[in-house]
1. Would you list, by chain and number, the aspartates and glutamates whose Cα falls below 18 Å from the Cα of Lys121, excluding same-chain residues fewer than 8 positions away?
2. Any idea how far apart Leu135 and Leu73 come out in nm if each label point goes 7 Å out from Cα toward Cβ?
3. Going Cα to Cα from Lys8, which lysines come in below 26 Å? Please leave out same-chain ones fewer than 8 positions away.
4. Using a simple spin-label model with points 7 Å from Cα along the Cα→Cβ vector, what separation in nm is obtained for Ala82 and Ile50?
5. Give me P(r) over the chain, computed from all C-alpha to C-alpha distances, binned every 10 Å, as integer percentages.
6. Over segment 91-178, what number does the Rg to Rh ratio reach, with both radii from the alpha-carbon atoms and Rh per Kirkwood?
7. Based on the Cβ-Cβ distance from Leu42 to Lys126, what FRET efficiency comes out when R0 is 35 Å, to the nearest 0.05?
8. Using alpha carbons only, how many angstrom separate the centre of segment 72-92 from the centre of segment 1-70?
Amino acid sequence: MLANSFSKKIRNHIGVNGLVSLIVGLLILFWPGRSAFIATILIGIAFIVIGLFYIITSFTAQDESGWGRIGHLLLGVLYMVAGVFCIIDLASTTAYLFLFVGIFVGITWIMEGFIGFSTMKYTPSKGWTIFSSVLSIIAGLFLLFTPFLGAAFLWILLGVALVVLGITKIIRYFTWGK
């Protein structure tokens, strides 16, 4: 009985996860700007909540030094200011968020490409390692030189991935046990 109950919980989790993934993916695909604004609002709210916790910690931590308390207080205020600015100037924050993500992912992919080359002697598939490394560096450079376009592409790609995963999980939900 316990395994059956657990199985039902897993099935329900997969169904809900699939439905949420599908809905979020469709929102990203059909309303990319609005969904990006919503994501920015959620980030702003998260920053405000994180800031509140740092501020509360600065006053409630019993074993914290004076400098530690000041550090927590300042960090909390910075998080809260950043969160408020995210929500107040939504368009600018969303644009900067896209810019940051594009540049950050670009740098990450370039580093990944060079690390791939540095591990060449450890891999049995040298051709695929070279291909993957070169592709990673080219994609990273594309994102560095066109971060807004690259981030927008990644946003749409996220939407497509969520729709595909959502549909797959919903199918899995309905075919569970058959």
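Read-outs: derived from the displayed coordinates by stated rules, not from any lab. Keep in mind the model is a prediction, meaning the values are calculated, not measured. All Cβ positions, even for glycine, are placed from backbone atoms using ideal geometry, and neighbour counts span all protein chains on display.
1. In chain and number order, the partners are Glu112.
2. 5.3
3. Lys169, Lys178
4. Each label point lies 7 Å from its Cα, and together they span 0.5 nm.
5. 10, 20, 23, 26, 20, 3, 0
6. Working: Rg = 17.5 Å, Rh = 15.1 Å.
On the Cα set of segment 91-178, Rg over Rh gives 1.16.
7. Working: r = 43 Å, r/R0 = 1.23.
Efficiency computed from Cβ-Cβ geometry: 0.20.
8. 17
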